[in-house]
Amino acid sequence: MTTWLNLLAVATGGAVGAVCRYLITVGSIVIPGGSTLLGTTLVNLLGCAALGGFAEFVLVTNSLSERSQLLVRVGFLGGLTTFSTFAGESAALADEGRWLACGLYVAINIFLGWTALVLTAMLVKGWLT
């Protein structure tokens, strides 16, 4: 029974995360100058920041069950973020010969994603300790 409940938690979190990703992407397209590239970057940066903060919260408080962690980490954040779309969009920029845009896109997603994760983890740790 535990396995099925874990799967249900991941599926539920994943569904909510995927819907959030879709809404953020649609929202980023309709703003002036927006694009799916912006949407992908936003969800990845938000996901990295959320993961950093969540992981630190769990580490410091040790207050969430394994199932709750699966719901958030694997389900919600897995559904929210999208490495495959990021890779596909990067490849499309390169195929179009837009090397500078491709390089910036890759650098922004990777560097800012890592930075968001680390800074958020540090903030949460500071608040909780």
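The numbers here are math on the coordinates, done by the rules we state, and not lab data. All of these numbers come straight from a predicted model, not from anything done at the bench. No Cβ is skipped: glycine too gets one built from the backbone with ideal geometry, and neighbour counts run over all protein chains shown.
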Please report the relative contact order for the chain, taking Cα pairs under 8 Å with a sequence separation of at least 6, and give it as a percent rounded to a whole number.
39
Taking θ = phi - 60°, what integer Hz values does the Karplus form 6.51 cos²θ - 1.76 cosθ + 1.60 yield along the stretch 76-87, in sequence order, with x for Gly and Pro?
4, 5, x, x, 6, 8, 8, 6, 5, 5, 4, 5
GNM on the chain, Cα springs under 10 Å; top mean-square fluctuation among 40, 115, 81 goes to 115
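Using the Kirkwood formula on the Cα atoms of the chain, what hydrodynamic radius do you get, in angstrom to one decimal?
Here the Kirkwood hydrodynamic radius works out to 15.7 Å.
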With θ set to phi - 60°, apply the Karplus curve 6.51 cos²θ - 1.76 cosθ + 1.60 along the stretch 51-59 and write out the HN-Hα couplings as whole Hz, x wherever there is a Gly or Pro.
5, x, x, 5, 4, 5, 4, 5, 5
Taking the Cα centroid of the stretch 70-118 and of the stretch 1-45, what is the distance between the two, rounded to the nearest whole Å?
13
Scoring only Lys, Arg, Asp and Glu (+1, +1, -1, -1) among other residues with Cβ under 10 Å from the Cβ of residue 10 yields +2
